[in-house]
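Structure, as structure tokens:
Just so it is clear, none of the values below were taken in a lab; they were calculated from the coordinates. Note that the coordinates shown come from a computational prediction; the quantities given were computed from them, not determined experimentally. Every residue, glycine as well, gets a Cβ built from its backbone with ideal geometry; the counts of neighbours run over all protein chains shown.
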Amino acid sequence: GVQLAGVHNHTMDSLKGVQAAGVSNVLKYGFRGVQASGVYGQTGAYSEGAQLSGAISHAGGHTKGVQAAGLISVARGVVSGAQLAGAVNYAQGIGGAEIAGLVNVNIDTTNGAQIAGAINYTKRLKGAQIAGWMNVSIDTTSGAQISGLVNYAGILKGVQIGLFNYADSSDGYSIGLISFVRRGYHQVQIYSNEVLDLNIAYKSGNRKLYSLMLAGMSFGDKKAYSLGYGIGHDFKLSPSAFITAEATSQFLY
């Protein structure tokens, strides 16, 4: 049924219905329904429905539905639904959406979306990570990582879009100023052309899509210096033959 208090509600078993308090709610086991707290809400083994708190929401087990808090949401189990917080979300598995003003932390698989103003962290991604600063997926990433600064993936099987992208190995696409795949495509070229006597280009990524960092200079009476960036793709003709297509842009001084 309904349990209402101006300050605190405490239930030693489970609840089916509504528990609302001006300050805090505590459930030893779990609930099916709504738990609304002005400051702090806590459940034990499970939550099914909506857990709403002005500051902190804490679920001791699996959550089905919505967990929302003004500051911090913590789920010590899998969240099947939405986890929302003004600052930080923590979960042990996501099947839905995890949205925070600052940081999302999921120590297991994310099946869905992580959206944060600063940082997203997950063990394994099957969906999308969107962050203002950094996305981290330490295992396999099947989906999209989009950030304002840095994307990190263990095994990339999707797409990374950011200023700096890193993957241990990649079968996907990294789009950014610098994309580095540790077990990927690495090549240094030294060459000359009709404008600059010496040019150096570093390629990093994979054969599907790699980035180039370019620098060059001329040594004659009319000195010139160059910095540039580009992207490229290798078209495989045979195990030992490729045709390469590259688009580059350079600034000359």
Original post:
Between MET217 and LYS28, 0.36 nm times their residue separation minus their Cα-Cα distance comes to what?
Top reply: 60.9 nm
Original post:
Out of SER211, SER238, SER73, any idea which swings most in a Gaussian network model of the chain, alpha carbons joined below 10 Å?
Top reply: SER238
Original post:
On average over all directions, what projected area in square nanometres does the chain have, based on the convex hull of its Cα atoms?
Top reply: 16.0 nm²
**OP:** Could you work out the local net charge near LYS208, counting Lys and Arg as +1, Asp and Glu as -1, over the other residues with Cβ closer than 13 Å to its Cβ?
**Re:** +2
Subject >> Computed magnitude of the charge dipole of the chain (debye, nearest 20; Cβ of K, R +1, Cβ of D, E -1) >> reply: 440 debye
Original post:
What full-extension length gain, to one decimal in nm, is calculated for ARG183 and GLU246 as 0.36 nm per residue of separation minus the Cα-Cα distance?
Top reply: 20.5 nm
Subject >> Fluctuation leader among ILE161, ILE200, ILE190 - the chain, Gaussian network, Cα springs under 10 angstrom >> reply: ILE190
Original post:
Within a Cβ distance under 14 Å of GLY1, other residues only, what is the Lys/Arg minus Asp/Glu net charge?
Top reply: +1
Subject >> Reachable lysines from LYS222, criterion Cα separation under 29 angstrom, eight or more residues apart if same chain >> reply: LYS203
